[in-house]
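Input: a single structure, listed below in structure tokens.
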Amino acid sequence: MIVTTKDLFEQAYGKYAVGAYNINNLEQTVGLFRGNLGKHKSNEEPTDPKTSAPFIIQLSRGARSYTDKRFLEGLIRAAEDVFPEAIFAVHLDHGTEEVCYECIDSGFYSSVMIDASHEPFDENIATTRRVVNRAHERGISVEAELGMLGGVEEDIAVSEEHACLTDPDQAVEFVERSGCDSLAVAIGTSHGAYKFKGSQGLHFDRIKAIQSKLPGFPLVMHGSSSVPKEWVDRVNKAGGRLPNTSGVPEDQYLPAAKLGVTKVNIDTDGRLIWCAVYREIFRDKPDDFDPRTPGKPFMAEYAGFILHKNQMLGSAGQLEKVRAALTHQPA
Ligand code: G3H
Ligand code: 13P
Ligand code: ZN
């Protein structure tokens, strides 16, 4: 069941974070649905209420144009049919104004992100306001971004020295003037696999300061992959060449969620799993050329990874409560 992002946020706020996972292809889609329903190996396994979770599927501009956006939308529709017990929202990740309008008008998306964080403050507000006006007419919610994360997103690269944490007072003014429904804040994370050299983490003082000025307002954390050493090592042992870096410590997700971080964006970790599994198969089965040979273990590994992430986010085991609240039936 596709629901609004707002509905998911109302259930989660201050208690747990909803995982927002990027997809690009069939195997990621199936692994994602299975993982959120506690099905490890096959579509037919029973749903596990102790681990099943509500979630957000994110489509980036790059994902939408990788083949044709209609393939991804078709995959999601098919997954909704195959997994009727799933409850999820569909979100445009890092949209431009033009792509936001396209997604709003398509009627397929639960929410869109307008990423004008590289624009000056007043222009970011004005752009966001225009998108909000159009989205709200259609009951679609809008995520905006204030502050700059480091790393690379879509075609924009931001170096460490240009990344800057979100200012709490500016956040209040931004939300009031733009009318956005959630705000992506810069709290120490960055996009991609090369986040921290040592053992850095989230800037909890900054999250607290923002939440105290915007109580009850959903905050979004981009760049939330943890870049698990286990997966980096597997990639490298199978012939990859990734440097040893670290991401957001997983035990920081839930404390951040309690401070209003309601959506946690994860893409890179899923790519690492994809890369490790495919490299291992190519290394270990040099005479096999069936695309299903790496695809099957990838779906299982990805499902297991999603389940684990949801446990760290606190969303695992929340699906039936969300269903009861949204359908007005007892849990
Ligand atoms: O934050 C960006 C996401 O990881 C999407 O990446 O634009 O390469 O699909 P992408
Ligand atoms: P990661 O690169 O840390 O997975 O972040 C993904 C993201 O923020 C998508 O919008
Ligand atoms: Zn992002």
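The values are calculated or read from the model by the stated rules, or taken from the named source; none is laboratory data. Predicted model only: the values in this text are computed from it and were never measured. Glycine gets a Cβ as well: all are built from the backbone with ideal geometry, and neighbour counts include every protein chain shown. Ligands, DNA and RNA are stripped out before the accessible areas are found, and what is left, the full protein with its side chains, is counted by its heavy atoms. Shrake-Rupley method; radii C 1.70, N 1.55, O 1.52, S 1.80 Å.
Computed values, structure above
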item: Carbon and sulfur %, accessible surface of the chain computed with the full protein complex present, 1.4 Å; result: 53
item: Estimated inter-spin distance, Leu242 and Thr327, nm [label 7 Å along Cα→Cβ]; result: 3.8
item: Heavy-atom accessible area ranking, 1.4 Å probe, most first, across Asp68, Asp269, Asp205; result: Asp205, Asp68, Asp269
item: Simple label model, 7 Å out from Cα along Cβ direction - Ser212 to Glu73, nm; result: 4.6
item: Computed accessible area, Cys103, all protein chains, 1.4 angstrom probe, square angstrom; result: 0
item: Quotient of Cα Rg and 2.2 N^0.38 Å for the chain, N being how many residues it contains; result: 0.95
item: Peptides ranked, highest mean first, by Cβ atoms within 10 Å: ranges 5-18, 284-297; result: 5-18, 284-297
item: Exposure rank, largest accessible area first [Asp115, Asp122; 1.4 Å]; result: Asp122, Asp115
item: Dipole magnitude of the stretch 5-327 about its Cα centre (Cβ charges: Lys, Arg +1; Asp, Glu -1), debye to nearest 20; result: 840
item: For peptides 31-38, 69-76, 312-319, sequence by mean Cβ density within 10 Å, most packed first; result: 31-38, 312-319, 69-76
item: Pairwise FRET efficiency - Gln200 versus Asp169, Cβ, R0 = 25 Å, nearest 0.05; result: 0.50
item: Rounded, prolate or oblate (a/c below 1.5 giving rounded, otherwise prolate when a/b exceeds b/c) for the stretch 177-331 by Cα gyration tensor; result: oblate
item: Accessible area in square angstrom per residue, the chain, 1.4 angstrom probe; result: 43
item: Largest to smallest accessible area among His222, His328, His308, His191 [probe 1.4 Å]; result: His328, His308, His191, His222
